[in-house]
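The values are calculated or read from the model by the stated rules, or taken from the named source; none is laboratory data. Since the structure is predicted, the reported quantities are computational estimates derived from the model, not experimental observations. Ideal geometry is used to build each Cβ from the backbone, glycine not excepted, and the neighbour counts take in all protein chains shown.
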Amino acid sequence: MSKEKELIPQFESEEQEAEYWDSHSPLDLTTVEPKAQKLRVRRVKDRPITLRLDSESRSKLNKLAAKQGLGPSTFARLILTSAIEQGDRLAKRVTVDELRNVLEEITPQSVKERAALLVKEAAIGEPDNPIFLILGQSQINEWEEFGLQAICTLLARYNIHVITPKHSEYKKVENIITQVGEH
């Protein structure tokens, strides 16, 4: 019962194809011998864990899982096991004190001096512990500029550079982005 395996021929009509399948079996055909594939043996899931979610979070989980074609438990397990495998590479939560220390460490002295001056000019009460900062429009503009400078300093720490219309490269970058967006 050994038949030579062959490819499916091209048919000129439905009748010709019907005659062919009357005398042939799909099991007789092959296109290429299958290659051995690496199998991943899944470990037995023998340790359940219970998570409580509020209704809104559960609803979001259900929607995200459905978009992936998975049930919410399977999707949550994939996310959790991925986070476990990443271990120390996960994004770290930063406390306000840690953020303050990093900002203190990376902020140039000129920026610190400017902040102190802005506070001194607008402070009601002791400059080191003001009760209020009273800001007129010109001071608001200075604080906006100062805030942008501080944010740029922080982002530069993470190799993210902010380009504003004041930078000489702004128009060039804007043109590149516009051209990319058009394609």
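Just to be sure I understand the filter: pairs with C-beta atoms under 7 Å, separated by 6 or more residues or on different chains, first member in the stretch 73-100 and modelled with pLDDT under 80, second member surrounded by 10 or more Cβ atoms within 10 Å (Cβ to Cβ) and not basic (K, R). Which pairs pass?
Close Cβ pairs satisfying both conditions: L90/A83.
If you go through the stretch 64-93 one residue at a time, how many are of a type outside the set (A, V, I, L, M), assigned to a helix (DSSP H, G or I) and surrounded by 10 or more Cβ atoms within 10 Å (Cβ to Cβ)?
Our first condition is that a residue be of a type outside the set (A, V, I, L, M); within the stretch 64-93, this holds for 67-69, 71-75, 77, 81-82, 85-89, 92-93.
Going one step further and asking which of them are assigned to a helix (DSSP H, G or I), we end up with 67-68, 72-75, 77, 81-82, 85-89.
With surrounded by 10 or more Cβ atoms within 10 Å (Cβ to Cβ) added as a condition, the list becomes 68, 72-75, 77, 81-82, 86.
The total comes to 9.
Surrounded by 10 or more Cβ atoms within 10 Å (Cβ to Cβ) and either under 41 Å from the mean Cα position of the chain (by Cα) or at pLDDT 90 or above (or both): which single residue out of L51, L39 fits that description? Can you show your working first?
On the way: L39 fails: surrounded by 10 or more Cβ atoms within 10 Å (Cβ to Cβ).
Residue meeting the stated conditions: L51.
Let me confirm something: among E14, E105, which residue is out of contact with any Phe, Trp or Tyr (no Cβ under 8 Å at 6 or more places or on another chain), exposed (fewer than 12 other Cβ atoms within 10 Å of the Cβ), at pLDDT 80 or above and closer than 30 Å to Y158 by Cα? Write out each step before concluding.
Values: E14 fails: closer than 30 Å to Y158 by Cα.
Exactly one residue qualifies, and that residue is E105.
Please go through the stretch 101-145 and pick out each residue that is out of contact with any Lys or Arg (no Cβ under 6 Å at 6 or more places or on another chain) and either touching a residue at least 24 places away in the same chain (Cβ under 8 Å) or not assigned by TED's automatic domain parsing to the domain that holds I163 (or both).
Taking the stretch 101-145 as the starting set, the residues that turn out to be out of contact with any Lys or Arg (no Cβ under 6 Å at 6 or more places or on another chain) are 101-105, 107-126, 128-145.
Scanning the stretch 101-145 gives V102, L103, T107, P108, V111, R114, A115, L118, E142, W143.
Consider K38 carefully, then state whether it is part of a helix (DSSP H, G or I) and either within 30 Å of F132 (Cβ to Cβ) or not assigned by TED's automatic domain parsing to the domain that holds L154 (or both). Steps first, answer last, please.
Working: part of a helix (DSSP H, G or I): no; either within 30 Å of F132 (Cβ to Cβ) or not assigned by TED's automatic domain parsing to the domain that holds L154 (or both): yes.
No.
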